[in-house]
Structure formats: structure tokens, C-alpha cells
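Worksheet for the structure shown next.
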Amino acid sequence: MAVRRAQASWRPSREARRYGIQLRRFAGPAVYRRQVSHLRIAHLTDLHVGRITPFEVQRTAVETTNAEKPDLVVISGDFVCHSQLYLDQLTEVIRMFQVPVVTVLGNHDYWSGADEVRRALERGGAEVLRNRNTIITLGHQRLQLVGLDDAYTGHARREEAVKGLRKDIPILGISHIAEEADGLWRHGVPLVLSGHTHGGQVTLARLHELAVGIVAGHKYVHGLYGSRRHGPEDQPTGAVYVGAGIGAAVVPLRLGERGKREVTIFEMGCAPGDFVEHHAEQEPMKGRKPTPETIERRAAAVLRKRLRREKRLLGR
Ligand SMILES: [Fe+2]
């Protein structure tokens, strides 16, 4: 089968090897088999365009993606680090993709200026979903994309995002924070693509599960969780994929196979078991919901950073 051959034949370019970019391939949810003949969706996350991640890394991630000839690119937030200094570079990165790009925002985008990041993405040709859904046509197939705004900073509005979703067109969810998938599954979204954790970046001796799972309280740390084997009629089950991301906002160090930079390909229309995958669905960690105080503190941080930015602008 073509997909099996493609999986076996992926050879990282010299640049992909140099920058430690992995390509992982997975089948889509089983329900898609009835709904689409074949769609190849590339997922990237946490580009963090800026000083910490060299532009060549971003370029190589885009080239690795383009070489797979996907039908669509989905990017699940955190496009910048802590400022608006690299928005032109971000626009340039988005323009390099050769197919439509659909995105949601992450916490770093809110910290740096959500509207400015959105405009930079749109200048590059990307569609930004902020608590809404859309239908796109890829070749002769239609796909519904439902995008949640960033839950970490308190901007996710699930009921708004799923309003008007149709049952007769396949649905794909995007959320920077993976734990939001649980709620989306209840609305018939069989697969959600996420980011935020960077896979822990250091995954030796399962350090990522300690840091991201136990200390930070995430149920979903890296990779595939849930089940792709149920249809909407069997909801609320579904699957979520947490990508390890491309960039970093603070420390660029990545150690261990799971923590490497990652482009993930989903072969929609193939079912689990059709070809060898990087790993099987995993058991979630216990997880811990943020307390009301934490939620308040995170929302206040966005406001504080915005005021600081405005003050700086006025002082110029
Ligand atoms: Fe991030």
C-alpha cells in the first residue's frame, strides 16, 4: 500500500537530521474510513519563531512538511516566544507552506499579543480559528475544522466553537491545550491535535512524564491518547495527539527520542492497524485541573503583559 511504502521510505534530509526533526505517521480515526477516501494532514505545533529557535529550523520543518505533499497543514498554537519582534519571520514561515494552513493560538501568542500574532498568520495566508469551526474543501473532499482558542489563558469557549457542526462531514479538532479534547469528543470530534507541552523536551528516564504530567498536572504529555476506534455514535470517546513541537520559548535543549522536534502526518481514511505507527494509543496520566486561583493568575498575566506593552509603546 502506498502509505506503507511512504512510511518505510521516509529518510530525513541532512538538515532534518542536523536539527533533530522527526517525522511520525499515524492513521486517522476509524470513522473517517467511511467519510473520506484519503486526506493527508500534517500537524506541527509550538513553532516559537524567535531568537531561541534558528530560522533554519523553521525552514527545515516546513521543507520536511512540504516533501510529504500533505493536503492540509494544521498548527496548534504558540507561534512566538515573548514579543512581537519576529512577526515578519512568522509570516514568512507560514508563506513557505505549499498547501492551506489552519491554526489556533496558544498561551505565548496571548502573552505577546493575540491580535498581532493572528494578523501575522493571516498575512502569511493561514486561517486562524478562535472558538469557531469552518468547512474547507480539499480536492473533492470536505473537512470540518473546529478550533478552540487558548485554554491555558482562559480563552477557550467550547460551546461557541462547536456551534453548527455537521454530522455528515468529517470533523477534526485543534486546541493548544490537549485536555480540552475530552470536552470536544462529547461533541462528536473524533481526533484533536494539540501542543503546548513540547513533549517535555527532555524525555530521558521518562523525565517528561514527571515534569509535564506529575508536576504540571497534564493528562496528555506527548503523542497519542484515547481511542480512534469509535464513531460519533459511541461518543464521548475520541483521540488526542500532543505534538512535541518545533521550537522553544526558553531553553532549546531537547534530549530523548520523544522530545525531538516533530512533524506528524495523519493519513485520514486509513484506520489504525493499516500500517506501522510510531506508537500505539497510550494511557493518560492522572492529570490535575487548574485551581480557580491558577486560572485567575493566568488571565491576569495576559492583562499585565498587554498593559506593559502599551506603556512601552506610549513611552516611545
Ligand atoms: Fe509552547
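By the count of neighbouring beta-carbon atoms within 10 Å, fewest first, 11, 51, 258, 130 end up ordered 11, 51, 130, 258. Percent of Cα-Cα pairs more than 25 Å apart in region 1-152, please. Summing the P(r) of region 1-152 above 25 Å gives 31 percent of all pairs. Here region 209-316 yields Rg over Rh of 1.09, to two decimals, using C-alpha coordinates and the Kirkwood radius. If R0 is taken as 45 Å, the Cβ-Cβ distance between residue 210 and residue 313 corresponds to a FRET efficiency of 0.65. Placing +1 on the Cβ of every Lys and Arg and -1 on the Cβ of every Asp and Glu, with nothing else charged, gives region 22-129 a dipole about its Cα centre of roughly 520 debye. By other beta-carbon atoms within 10 Å, ranking 72, 253 with the fewest at the front produces 253, 72. Beta-bridge orientation, region 1-152: approximately 45 percent antiparallel, per DSSP, counting only bridges with both partners inside. About its Cα centre, the dipole of the chain is roughly 480 debye, where the only charges are +1 on Lys and Arg Cβ and -1 on Asp and Glu Cβ. Shown is the FRET efficiency for residue 115 and residue 291, computed with R0 = 25 Å from the Cβ-Cβ distance and rounded to the nearest 0.05: 0.30. According to the Cα-based calculation, Rg over Rh for region 141-200 is 0.97, with Rh computed by the Kirkwood formula. For the residues 153, 291, 134, a GNM of the chain with alpha-carbon springs under 10 Å puts the largest fluctuation on 291. Summarising the strand pairing of the chain, around 35 percent of its internal DSSP beta bridges are antiparallel. Farthest toward the positive end of the dipole of region 10-315, out of 275, 176, 90, is the Cα of 90, where the dipole comes from beta carbon charges about the Cα centre. Calculated [222 nm] ellipticity per residue, helices only, for the chain: -8000 deg cm²/dmol; basis is -39500 (n - 2.57) per DSSP H run with n ≥ 4, divided by all residues, nearest 500.
Reducing region 251-316 and region 70-115 to their Cα centroids gives an inter-centroid distance of 13 Å.
Ordered by the number of other Cβ atoms lying within 10 Å of each residue's own Cβ, fewest first, 81, 270 fall into the sequence 81, 270.
Think of the chain as a dipole: +1 on every Lys or Arg Cβ, -1 on every Asp or Glu Cβ, centred on the Cα centre; then among 314, 53, 43, 314 lies furthest on the positive end.
With kT/(6 pi eta Rh) evaluated at 37 °C and eta = 0.692 mPa s, and Rh the Kirkwood radius from Cα pairs, the chain diffuses with a coefficient of 169 µm²/s according to Stokes-Einstein.
Rule-based calculations on the coordinates, nothing more; no lab input. Remember, predicted model here, so these are calculated numbers, not experimental data. We place every Cβ from the backbone using ideal geometry, glycine too, and count neighbours over all the protein chains shown.
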